[in-house]
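Okay, so here's the structure we're looking at.
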Amino acid sequence: YRRQRQMCIRDSMKDVYGMKEKRVEETIVEQMREVRPEDLNGADRLFGGRLMQWIDEVAGITGLRYAENTVVTASVDNLRFIRGVYQHEIVALIGRVTYVGRTSMEVRVDTYVESLDGMRHPVNRAYLTLVSVDKNGKSKEVPRLIVESVGEQAEWEAGKKRSELRKTRMKEGF
């Protein structure tokens, strides 16, 4: 049943939009950073604004590669810091497209501290909405997203709800 539903979603989107399609795994971008002295705040931890910058950069690269076009950040949802990050620690940021509209996409960026043995400890998960734009700044259609696994389907459904919530909040003036 799940496979039939997945194919139905894909086929209906393809019929409606006649657009290129990409699988979630094709959207994954991973970037590594070492925390340097200039990245620290007064408490000798990674400055939150620096992490936000890195998250936005990874989301932007993820969106650029997905849309094969210029993208701009429209919003950031949920930026909660789970643990501190310190000088010389290695930070891994992993972006992936989780949901798409006609001209926008939601990108999830997971941030981890990676120890020297390769173990990753979560620091943050953020969802960003990016919009594909042409050279005149007008929104441009993006490829359809093929969701294959149960996890990808769950992300799609959650992304759909977040999208609806963002639209409601926008109408309310937020």
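For the chain, how big is Rg over Rh, using alpha carbon atoms and the Kirkwood form of Rh? Ratio value, two decimals: 1.01. Computed from point charges on the beta carbon alone (+1 for Lys and Arg, -1 for Asp and Glu), the dipole magnitude for the range 117-174 about its Cα centre is near 400 Debye. Amide hydrogen proximity for Leu40: with H placed 1.01 Å from N in the peptide plane, the residues at 5 or more positions away or on another chain lying under 5 Å are Phe47. The angle separating the long axis of helix 48-67 from the principal Cα axis of greatest extent in the chain is about 30 degrees. In a reduced charge model with +1 at each Lys and Arg Cβ and -1 at each Asp and Glu Cβ, the range 50-125 shows a dipole moment near 180 debye about its Cα centre.
Mean-square fluctuations from a GNM of the chain, with a 10 angstrom spring cutoff on Cα atoms, peak among Lys161, Lys135, Lys20 at Lys135.
Mean separation of Cα pairs under 8 Å and 6 or more residues apart, divided by the residue count, gives the range 107-171 a relative contact order of 19 percent. Once you've got the GNM for the chain with C-alpha springs shorter than 10 Å, pick whichever of Glu38, Glu21, Glu30 has the biggest mean-square fluctuation. Of Glu38, Glu21, Glu30, the most mobile in the Gaussian network model is Glu38.
Taking only protein heavy atoms and a 1.4 Å probe, the accessible area of the chain is 51% carbon and sulfur.
Loop-located GluC sites (Glu not before Pro) in the range 125-174 (DSSP state other than H, G, I, E, B) with a sparse environment of at most 10 neighbouring Cβ atoms within 10 Å: Glu172. As a length-normalised measure over Cα pairs under 8 Å and 6 or more apart, the relative contact order of the range 67-116 settles at 32 percent.
Close Lys pairs in the chain, defined as Cα atoms under 21 Å apart and 8 or more places apart or on different chains, number 14.
Take every Cα pair under 8 Å whose residues are at least 6 apart in sequence, average their separation, divide by the length of the chain, and the relative contact order is 26 percent.
Toward the positive end of the charge dipole of the chain, with +1 on the Cβ of Lys and Arg and -1 on the Cβ of Asp and Glu, the farthest Cα among Val113, Phe81, Val35 is that of Phe81.
Per-residue Karplus couplings for the range 125-138, computed as 6.51 cos²θ - 1.76 cosθ + 1.60 with θ equal to phi - 60°, are listed in order as 9, 10, 10, 10, 9, 10, 10, 7, 10, 8, 5, 9, x, 8 Hz, Gly and Pro entered as x.
In this structure the chain gives 58 Å² per residue of accessible area when probed at 1.4 Å with all protein chains present. A Gaussian network model of the chain, with springs between Cα atoms under 10 Å, assigns the largest mean-square fluctuation among Arg120, Arg65, Arg108 to Arg120. Placing unit charges on the Cβ atoms only, positive for Lys and Arg and negative for Asp and Glu, gives the chain a dipole magnitude near 780 debye about its Cα centre.
Please report the antiparallel percentage of DSSP beta bridges with both residues in the chain, rounded to the nearest 5. Here the antiparallel bridges make up roughly 90 percent for the chain. The angle between the Cα long axis of helix 150-171 and the main principal axis of the chain comes to about 90°, on a 0 to 90 degree scale.
The values are calculated or read from the model by the stated rules, or taken from the named source; none is laboratory data. Predicted model only: the values in this text are computed from it and were never measured. So basically every Cβ, Gly included, is an ideal-geometry build from the backbone, and we count neighbours across all protein chains shown. Keep in mind that these areas ignore ligands, DNA and RNA; they rest on the heavy atoms of the full protein, side chains included. Shrake-Rupley method; radii C 1.70, N 1.55, O 1.52, S 1.80 Å.
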